[in-house]
Amino acid sequence: MGKHKRPARLSKARAASALTLAAVGATVLAPGGTSKAEASSIPTRALQIAASKMGAPYQWGATGPYRFDCSGLTLYSFKRAGKQLPRTAQAQYNRTRHIPRSARQMGDLVFFHSGRGVYHVGIYAGNGKILHAPKTGSVVRFERIWTNSVWYGRVTD
């Protein structure tokens, strides 16, 4: 019986991922919507790759392809898009070009901090939302940014 349930869950996950990719990529992938350079930027591709992992379970220390922690998801997504990032959220923050909130774009990294230490990272998805692997017991998902204690970083091509 377990074998029969798994494909149904996978089908639902694939359908959700396809819808997510369509929502995330609609303005990027629509013919004539943007230039090829913009559509193929590393941050845009990384966001699309992360969106394809919607519903994947959180696991501390996991870097994919089926389970992720927060920095594991960003590491995996950017690596598949063609850019190496360090393993931890703090090291990723140290490696990015820091930008103000007013300059953030889809595909930028959002770093949650307490004092001077970074404790969480997600990928900015527009409209005040991130795509991230939140915590134990949860899955990769979109979520509204819930605090002002965030910094933004851009991974440069």
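Coordinate-derived values only; no laboratory data. A quick note: this is a predicted structure, and the numbers were derived from the prediction, not measured. Methodologically, a virtual Cβ is constructed for each residue, glycine included, from the backbone with ideal geometry; neighbour enumeration extends over all protein chains shown.
Laid out as a table, the results:
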quantity	calculated
Extension gain (nm, one decimal) between Arg95 and Thr136, 0.36 nm per residue minus Cα-Cα	12.2 nm
Pair Gln59, His113: separation of 7 Å Cα→Cβ label points (nm)	3.2 nm
Simple spin-label estimate for Ile42 and Ser102 in nanometres, 7 Å along Cα-Cβ	2.7 nm
